[in-house]
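The values are calculated or read from the model by the stated rules, or taken from the named source; none is laboratory data. Keep in mind it's a predicted model, so treat the numbers as computed, not measured. We place every Cβ from the backbone using ideal geometry, glycine too, and count neighbours over all the protein chains shown.
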Amino acid sequence: MLIRILYLYSLILLLFSPVLLAQNNMLTGKVTDANSGVELQGATVFIIQTEQGAVVDLDGNYEITSIPDGVYTIRISFIGYRTKTVNDVVIEGDVSLDFVLDRDLLNLEEVVVTGVSGVTPQRNLAFTVDRIGERELQAVPAVSASSSLQGKMPGVSVIQNSGMPGTAASIRLRGSTALIGDQSPLIIVDGVLLDESLVDIDALDIESIEVLKGASAASLYGSRAANGVVSIRTRRGQYLPDGAVQVTIRNEFGRSSIARELPWNNSHHYELDESGDFVLDSGGNRVPNENYISDQPYPESRNLQRELFEPGNFMTNYISLLGNTGRGNYALSFNNTHTEGILFGVSGYSRQNLRFNLDQNFGDNLRLSTSTAYSTSNQEPVPQGPGSPFFRVLMLQPNADIYGTNPDGSRYNIRPDPQVSESNPLYQLANQERDNRRQRFLGDIRLNYNPLDWLSFEGSYSIDRVDFRNSVYTPKGFWQISGNSVAQGNGSLTKANGYGLAQTAIATATLRREFRSGINTRFRASYQFENREYDETSASGSNFSVGGIPRLNLTDQDTRSTQSFQTQIKTENVFGILDMDYRERYIISALLRRDGSSEFGADQRYSNYYRISGAYRITEDLSINGIQELKVRASLGTAGLRPPFQAQYETYSLSGGAPSPGNLGNRDLRPAFSKELELGVDVEFLNRFDLTVNYSNQETRDQIVLVPLSARAGGFNAQWQNAGTLEAKTFEVSLGAIIMDSPNLQWTANLNFDRIRQTVTQLNFPPRFVGPNLQSNAVFYLNEGEPFGIMYGRRWVRSFEELQRNPAFEGANPQDYIVNSDGFLILAGTEGTPDEEVIRYFEVDENGDLVGDFRIGDVNPDFNISLSQNIDYKNWSFYALLDAQVGGEIYNLTKQWIFRELRHGDIDQRGKPEGERKAVQYYNSLYDANNTNEYFVEDASYLKLREVAVNYTFRQNQLGRFGNMFNSIRVGMSGRNLLTLTRYSGFDPEVSGLEGDVSNYRIDSYAYPNYRTITGVIEFTF
Amino acid sequence: MKKLIFISLTMLLLALQSCADLSVENLNDPDRELATQNPGDIEGLVVGGYNTWALMASWRTLLPHTVQSDWGTGTVGNWWVNNGGHVPREEFPNTPTASYRDVNQDFWDDFNGSMANANIAIAAIEGGVIIEDEAYTLAIKAAAQFLQALNLGSLGLMYDQAFIIDETTDLENLDGIELVPYDVVLLEALNKIEAARATIGLARNAGMDSLPSGLIPSLGTIDSRWSAVGSTISWDNFEKIMNSYAATFIVMGARSVTENDQINWQEVYDYASAGIDFDFAPISDNNTNWQSQLLRYLYADWVRPNLNIINLMDPDMPKDFFLVTDWSEL
């Protein structure tokens, strides 16, 4: 009886089981773009219940076979499109269903992989990971990847402090974390932790950039991540249909030119005779005019800036080959870039990039991925700063003939202006050979093994190797200024070469589990080992015995010198990260990390980091009219900054073989420790808008600072110590909007806003200047309780009341002073005469001390704002990026220093109303021998039309007989740095110091100016 | 769920077990142990100390002070030359916010640094280090003691206060060290000169009759164009140099009429009478070449003699810049 019951029961089960019901039903159809109707090759169609799926093939079709009868939910997805879920699809027999997908114009469906345990939709994040995709990146591709982030997300400062071709832009994420050093984030390219800048990375290869802005998101990267993380992924072939191959050939040609010139004094203050020549005294000196007012035209005048800055060519040739074999995919690309820049006689920068990425599956459980990139570049560097061509050209007078000849008949006479001791900038550019060559290899190989549905292992090894060789050759016979005459020198040669090598090995285990209760968990544990090496050797010599051969052996033995420098850094890190959510509504993420590094003091080899984050997707529980997604989140995380290599060691310096104590070692030196709390809200509303608001409070303590030791106790100058705290508060808003979305027109806009405040909250050493120190003239001051990035210097008295704050003027008579047309107090009766001069401001402080230096500027902007527009109209596409900084100041040392030779436009009195004209002595008092003073602090606000692109795409059906050859041809025009509206008087308000922390040391000091580039683009795809 | 948590925690604990050796040697700069492992290194410390002192005490000091004292004049901005010559005089840049504060700070750092070199060398010698032999060691010690004197004297002349840190100071307990007034510092400089003199006496007795030749480069390769003493410096000539500095410290240390009146002029006379009576212009270590820079910056290029000085030699020349009415006549 029991057997019968079991038999009957089994029969019933069989009759109603899916297996018995299974039929060889087939689901076929097409997936197309909702607007254009274009077939979306590579889109995925997936049946949720049966976990069956298919990829749209080269013909635009998909096919899923062996589907049992039933009612199903089907999910259709494709990169760049909004995922569509279709419920209640009845399949009984073969069914044909076409799907259309809407473009994800606001990138709401994006997933991220950086800082999390695995691929995670942005909607499920409990902290901010900003992402920009191929569309934004490739609208106006930057020459270098570092510039690609400019203006594209809030809280990201990208400063191109030098326009010299081949120079990487500096990136700072949110507020500063380091009192000393720079604020550069950790950069990862396809899993390779970079040891050098992004200058060698081809922006055309980039598929996406993910940015973790601070410790609240970047804790996963531990002691290198307090400045945040920028993770770049390059193109691969995974989104193509099986068997598809796509070739893209892109060529861009254009011209670069200087965007604006510096205001220059085209006048002088000397007497002219009737024929317009200078009147000379018996000693041959020019005779100043009576009032020393610079309002006389030069007998012969040239625009030396136009003669130094000359438009140059810009060119890129790019070819890429993407393919999907079904079992894997590949991407191969080559780029040739050449940009001349804007300087007379300088070849600029050229680079060739080769990239090969490969993913290959072996069976169902094993996957091998490799990413490799090789680049070789050649740069003709140009000296910058005081003494550089940019310095010299501005010091010369307009009557200097810089195309004249030297005594031996060679061009560009070395001393074109006998009144000025500066040499001809063209002569150096034309006759000195400067050559920087680099080769770089990035490689990452990883093996992923999934033995079980819920368990996977991954091992990876990556390498970043840079080899460089630099030389500067000044040939024998090079003209130079010697006292009041010119002479030919015997030449010199400097050569430097070396390499940097960063290797990283990581072993990772990942566990995933989805519980029936709706709890999804994913845990990842990793061990990471880093080994970084750097080795540089340089040699120099002067006075060649014979000319024409740039070899050190031929230099005078007594002038030769050699240097070498080498470092090694070893680091091991372990971490575990747990991501959990309940039905994707309540999201929790937690991680622990322990870092050990040879850069930490011997008694502090390890440091620990953590992050805890949570988010609540309110609209998963509550339906709110007009709001599609509302998420609140909070994240508290920690990360670090490692000390420089040499910081922990006791050092003795050797000069001429004689030792002297250098720095005192510190066995207790720890990494700087940054803790960030981020609170955020994400809202998608009215099916048109995507709003993200973030507030971040970041405190970085244990700042790593080289602290001078009073009286050099024990002989040591200084010691690296953990000696300060820096706080930064950031408020960010990002708003994406679909302005128009119709079959012919899609118009989207993105608005980014940020406001950053940074304060030095603690210093364990006396206040001091930091940053560039040119002619003993530092500008930026560290002082406890004050903002980070302030300028200290002299002020000029602006009122009689101010004058009286100086006890020396206690009995002064107000009748003896007036305020001049510049707003400064001067002695009455001196205005417009050689006796007119500004008066330095002093006051007595609370301790009764007379002080004469004050806070005169602050680099920190009130806020930054950018607006990008993407308009696609039929086959036309238009992109524009407006970027603005409001507030913040720059110290214009370029302007100040040329006051020495009376060359700045402020000194040109021609055209000025009578009564406002001033003698050159007045401007000399403002110059003040380069002492930092308020006159040269300028408003850094600007509005830039940073990027513009207009393209037209010919689709296959428009190409006639070429349609057999090409899928599409795109032609267009691009512009970079097209227009700048600013009150800043220098070449470009996007200027900064030439070394160190360029985001905070905003000083204009004769850098290669940024320039505009306009190009034409043609791109073939087949 | 329990299984997942168990596996996760186990993996995490395993991962947290660190295993790598993270020690890395600094192959760029020696530490004290390496830099002073040979007795000859102690001599090198003294050589380095003299170089540091000489660089600071010569042209770096002279440039700003030359114009400030009105015997030089210049408009170059570097090293406070321009500002130092302003009339009326500006305050000396001795605040942390002053642009040209290096003019003040560099001397402090390097005089104290040079002092430390001497201290380390003397402490090592008194600790038993023998450099070649006893006589040679005493000679090095004497040179180091005079280096102490030079640095303390320079500090006392330039600053209102300074630390007196010598080989007897406990470097582990520096908190108790206090700044002392300049007159005390200068007095200690004279004490160090006398200590050096006593050590020279011991060196003489031990068989050394001149400054060790190894130290000569620190005082300068004695270029025949600039020195009448030849390529060696006898103890007699060395003591003359010491005496001249002693006289300088006493005379220049007075900062007011009152202090000037309190000078023991007989003592000054005695030192000066026994002081340098030969041309002596070392060119330092032939590497930093500070002597040529001194010539370039001070006499030939950036700073020129002040009219005040020229007037002393040629009364027809105006005494003051402001009295010049016709530059073409100069």
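Here are the numbers for this structure:
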{"read-out": "Residue check, residue B:126 more than 8 Å from chain A (Cβ to nearest Cβ) and free of Cβ contacts under 8 Å to residues at least 12 places away in the same chain", "value": "no"}
{"read-out": "Residues located in the range A:811-825, provided they are farther than 20 Å from residue A:908 by Cβ and touching a residue at least 60 places away in the same chain (Cβ under 8 Å)", "value": "none"}
{"read-out": "The range A:779-788, subset part of a loop (DSSP other than H, G, I, E, B) and buried (at least 24 other Cβ atoms within 10 Å of the Cβ), residue nearest to the other protein chains (Cβ to nearest Cβ)", "value": "A:779"}
{"read-out": "Residue count, the range A:243-289 (criterion: of a type in the set (D, E, K, R) and touching a residue at least 60 places away in the same chain (Cβ under 8 Å))", "value": "6"}
{"read-out": "Selected residue (criterion: farthest from residue A:463 (Cα to Cα)) from residues of the range A:511-531 that are among the hydrophobic types (A, V, I, L, M, F, W, C) and in contact (Cβ under 8 Å) with a residue 24 or more places away in the chain", "value": "A:519"}
{"read-out": "Of all residues making up the range A:569-626, the number that are part of a loop (DSSP other than H, G, I, E, B), facing another protein chain (nearest Cβ under 7 Å) and either on the phi > 0 side of the Ramachandran plot or not charged (D, E, K, R) (or both)", "value": "1"}
{"read-out": "Criterion: at negative phi, away from chain B (no Cβ under 14 Å) and of a type in the set (Ser, Thr, Tyr) - qualifying residue of A:638, A:651", "value": "A:638"}
{"read-out": "Test: residue A:646 is closer than 20 Å to residue A:122 by Cα and not aliphatic (A, V, I, L, M)", "value": "no"}
{"read-out": "Neighbours by Cβ (under 9 Å, 6+ apart or cross-chain): first from the range A:464-492, over 30 Å from residue A:189 (Cα atoms) and within 14 Å of chain B (Cβ to nearest Cβ); second crowded, with 20+ Cβ neighbours inside 10 Å and not charged (D, E, K, R)", "value": "A:481/A:414; A:481/A:423"}
{"read-out": "Residue among A:428, A:432, A:439 that is within 20 Å of residue A:537 (Cα to Cα), surrounded by 15 or more Cβ atoms within 10 Å (Cβ to Cβ) and not small (Gly, Ala, Ser)", "value": "A:439"}
{"read-out": "Scope the range A:508-543; condition surrounded by fewer than 16 Cβ atoms within 10 Å (Cβ to Cβ) and within 10 Å of chain B (Cβ to nearest Cβ); matching residues", "value": "A:515, A:517, A:519, A:535"}
{"read-out": "Residues (among the aromatic types (Phe, Trp, Tyr) and free of Cβ contacts under 8 Å to residues at least 40 places away in the same chain) located in the range B:50-102", "value": "B:79, B:80, B:92, B:100"}
{"read-out": "Failed item in (1) assigned to a loop (DSSP other than H, G, I, E, B); (2) of a type in the set (A, V, I, L, M, F, W, C); (3) modelled with pLDDT of 95 or more, with residue A:400 passing the rest", "value": "(3)"}
{"read-out": "Of the criteria (1) within 11 Å of chain B (Cβ to nearest Cβ); (2) over 30 Å from the mean Cα position of the chain (by Cα), which one residue A:549 fails", "value": "(1)"}
{"read-out": "Single match in A:660, A:710, A:742, A:734 (criterion: buried (at least 23 other Cβ atoms within 10 Å of the Cβ) and either out of contact with any His (no Cβ under 9 Å at 6 or more places or on another chain) or in contact (Cβ under 8 Å) with a residue 40 or more places away in the chain (or both))", "value": "A:660"}
{"read-out": "Qualifying residue in the range B:100-120 (condition: within 7 Å of chain A (Cβ to nearest Cβ), closer than 19 Å to residue A:930 by Cβ and touching an Asp or Glu at 6+ places or on another chain (Cβ under 9 Å))", "value": "no"}
{"read-out": "Of all residues in the range B:16-50 being part of a loop (DSSP other than H, G, I, E, B) and under 13 Å from residue A:715 (Cβ atoms), the one that is modelled with the highest pLDDT", "value": "B:31"}
